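These notes concern the structure reproduced below.
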Amino acid sequence: MDDADLIRQAQRGDQTALARLLQQYYLPVKKYLVTITFDRNLAEDLTQETMVRAIQRIGQFEGRARFSTWLFAIATRQYLDWLRQQRRERQLQVRAGEELLLERSDLAPEVRRLMAQLQALPREIALPVVLKHYYGYTYEEIAEWMEIPVGTVKSRIFNAVRTLRKGLDQDHA
Amino acid sequence: MLHEGLDRLSAPVDEESPPDLGALLMLVHNVQQAQRQELLRDLMRFLAVAALILSGGLWAMLQFPLYYLVTQGVLAVGLTIGAAVWQTEGRWISRE
């Protein structure tokens, strides 16, 4: 049974079809969240919240985008909500665990430096960079997901890339 | 470089297994049940408020029929004038 059949059945109220669909996309969503949050524990929490939202909104999926894109959009909004909540509570800080993960890995030094710089950027700035340059989403899609104007997305990405380039050049010098 | 770094960061997820179907089925069941209960609560709240407003209107009509009819008339005329003004303004703006 393919995705389209599972989605149709899930929208008709078939709980097993919906559970199968979520099982199939659980790890892709988690992987996506790891790449935008840089934090595996947070990604796990947000994946579960994304699944709950997907269950609540399955009836609203219109099939205009791929199902994975629809889930990634929900996951992105969950992450942005989390960021807003953290800012309200003034608790946002880079988690030490993920820094260690990169420290231990056998990545080339310049890749490790790039990742460190990316993680050091404010999250709302790093997010569009990853969505554009890693996932290849359009400015319009990113703007819609982040609920900000397209111009803001473009300027955030432009400034972030410039900052990252400058940082790498300084490290080389 | 970005691809290499993010691939490496997310690589451990590839070695994980998704939750089992039973657990997800339970989650789907619980979330949908909670959603149905929430909808039912909303419907009950709506019906209660509607019943309150209707019974208030009914009580006013029986107690003070004249005032009630005058108020109804004023409301109807006021709304009609308001709608007409709103429509006309819309047309003027669209002509400009």
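The values are calculated or read from the model by the stated rules, or taken from the named source; none is laboratory data. Here the structure is a predicted model, which means the values were calculated and not measured. When we count neighbours, we look across all protein chains shown, and the Cβ atoms used for this are built from the backbone with ideal geometry, even at glycine.
Identify, by number, the condition in (1) facing chain B (nearest Cβ under 10 Å); (2) touching a residue at least 40 places away in the same chain (Cβ under 8 Å); (3) of a type outside the set (A, V, I, L, M, F, W, C); (4) within 17 Å of residue A:34 (Cβ to Cβ) that residue A:110 doesn't meet.
(4)
Among the listed residues B:25, B:9, which satisfies the condition of being part of a helix (DSSP H, G or I) and closer than 30 Å to residue A:117 by Cβ?
B:9
Restricting attention to the range A:1-54, which residues are within 17 Å of the chain's Cα centre (by Cα), more than 28 Å from residue B:2 (Cα to Cα) and without any contact (Cβ under 8 Å) to a residue 24 or more places away in the chain?
Across the range A:1-54, the qualifying residue is only A:52.
Only one of (1) in contact with a His (Cβ under 6 Å, 6 or more places away or on another chain); (2) more than 7 Å from chain A (Cβ to nearest Cβ) is not met by residue B:48, so which one is it?
Single failed check for residue B:48: (1).
What are the residues in the range A:37-56 that are more than 9 Å from chain B (Cβ to nearest Cβ) and either farther than 15 Å from residue B:31 by Cβ or buried (at least 19 other Cβ atoms within 10 Å of the Cβ) (or both), if any?
A:37, A:39, A:41, A:42, A:44, A:45, A:46, A:47, A:50, A:54
Is at least one residue of the range A:85-92 in a helix (DSSP H, G or I), buried (at least 18 other Cβ atoms within 10 Å of the Cβ) and not small (Gly, Ala, Ser)?
no
Give all pairs with beta carbons closer than 9 Å in which a residue from the range B:42-70 that is in a helix (DSSP H, G or I) meets a residue that is loosely packed, with under 10 Cβ neighbours inside 10 Å; count only pairs at least 6 apart in sequence or on separate chains.
B:68/B:62
Within the range A:93-107, how many residues turn out to be surrounded by fewer than 16 Cβ atoms within 10 Å (Cβ to Cβ) and either at pLDDT 80 or above or not aliphatic (A, V, I, L, M) (or both)?
Looking only at that region, the number is 8.
Return the residue satisfying two criteria in turn: it lies in the range A:1-20 and is of a type outside the set (Asp, Glu) and not in a helix (DSSP H, G or I), and of such residues it is farthest from residue B:19 (Cα to Cα).
Per the criteria, the residue is A:12.
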